[in-house]
1. Can you pull out every residue in segment 176-203 that is modelled with pLDDT of 90 or more and either open to solvent by less than 40 Å² (accessible area, probe 1.4 Å) or basic (K, R) (or both)?
2. Would you pick out the residues in segment 113-132 that are assigned to a strand (DSSP E or B) and not acidic (D, E)?
3. Within segment 131-146, can one find any residue that is under 22 Å from L216 (Cα atoms) and among the small types (G, A, S)?
4. For segment 223-236, which positions are buried (at least 17 other Cβ atoms within 10 Å of the Cβ) and either under 24 Å from G156 (Cα atoms) or in contact with a Ser or Thr (Cβ under 8 Å, 6 or more places away or on another chain) (or both)?
5. What do you reckon, is Y281 open to solvent by 40 Å² or more (accessible area, probe 1.4 Å) and modelled with pLDDT under 90?
6. Among the candidates I167, I139, I121, I127, which residue alone is more than 16 Å from L40 (Cβ to Cβ), free of Cβ contacts under 8 Å to residues at least 60 places away in the same chain, surrounded by 15 or more Cβ atoms within 10 Å (Cβ to Cβ) and among the hydrophobic types (A, V, I, L, M, F, W, C)?
Amino acid sequence: MLANTFSIAICSFNPDLRALNRLLNAIIALRSVNEVSSILIVDNCSVPPLSSVEFVQKFLNLLPQARCVIETTPGQTAARCRAILETASDVIIFFDDDNEPNCDYLVILDDAFTRYPSVGIWQPGSIKVEFLDDASPLIRQRPQIYQERSDLFSYGCHLNWDKLSRIHGTGFAVRRKILLRFVNQYKSCALAYLSRTGNSLASSEDLQIVWEAYSLGFAAGTLPSLHCNHLIIGRKSTEEYARRLHFWSAAAAYLALLESFPDAAIDVPQSRLILRLFLNYLSMLFYALVRRQQSFDRDLRWGAILGQSFGLAKSAQPDLAHLIRKIAEIQGYW
């Protein structure tokens, strides 16, 4: 029997139906799934509506605590806020519509939240990437682009820029107290640079949820025994998508940092920002030369440098941010 009460939230917009079907089947197979208080599919106005899909209907009929609601405000943040307000459990587990958790997911989380009351968020330490469609060798050889990992057990509440790339919302579970604070911050417009909408790859809400946990004195942790597959479809398994993802991940992370921690803002002169970008470019070239790095890896590294520089400039030097945007557009990162 579970010691904590859990809800499961799936926020989705026009998902790949193969991946969504695997997720729903994995949820059905979860140990102790009958003890889950609520399973909520938040449909962000998909076409056709997810409630009309045959296997979704079967899922809803099989699990009496499962239901589907429509959220008309675009973006994953609005969908997650809807899920938070529509449920009342101690913990909410958020699955993306391309996740596939192991059958012991619930019981591992229940044990972790019980053993470590100071930890407010747990994320899977084991993520395996699976490509559902054809992908180039350059992409298949780099599954870490899509969060593949095999991490050790850890938890803490230390803000570390170098480790931001290790924070993802894939299958993470969050205590309600943290999520209610996040909703209040979002509704009060204290947090605005959040989730992806449309074709944008800018997303920061996962980081900001973690930082809200820190603000409340909770830690965030990683469980190596918690395993989730990440199912990558064809349009996401391209070199162009990977380049854009690196740029936007870096840009959004810095902008989110300044929203969550306004005191971290630094008024950096434009000349210093230009010099920093130039030195980063030289450093990238030197690194590539010494390490004989492949051009694709150089592209990804440069995209992250451009993104971080854009985020910094956006907060302090709008004119320079516009210039960096033009560079990103020309080079295919925007």
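1. R176, K177, I178, L179, R181, F182, V183, listed by residue number.
2. Initially, segment 113-132 is screened for residues assigned to a strand (DSSP E or B), giving 119-131.
Once the filter is applied, which keeps residues that are assigned to a strand (DSSP E or B) and not acidic (D, E), segment 113-132 yields V119, G120, I121, W122, Q123, P124, G125, S126, I127, K128, V129, F131.
3. Narrowing segment 131-146 to residues under 22 Å from L216 (Cα atoms): none.
Within segment 131-146, none of the residues are under 22 Å from L216 (Cα atoms) and among the small types (G, A, S).
4. Scanning segment 223-236 gives L223, L226, H227, C228, H230.
5. Working: open to solvent by 40 Å² or more (accessible area, probe 1.4 Å): yes; modelled with pLDDT under 90: yes.
So Y281 passes the test.
6. Values: I139 fails: free of Cβ contacts under 8 Å to residues at least 60 places away in the same chain; I121 fails: free of Cβ contacts under 8 Å to residues at least 60 places away in the same chain; I127 fails: free of Cβ contacts under 8 Å to residues at least 60 places away in the same chain.
The match here is I167.
The values are calculated or read from the model by the stated rules, or taken from the named source; none is laboratory data. Model, not experiment: these values are computed from the prediction. Reconstructed Cβ throughout: ideal geometry from the backbone, glycine too, with neighbour counts over all protein chains shown. Remember, those area values only see protein heavy atoms, side chains included, never the ligands or the DNA or RNA. Shrake-Rupley method; radii C 1.70, N 1.55, O 1.52, S 1.80 Å.
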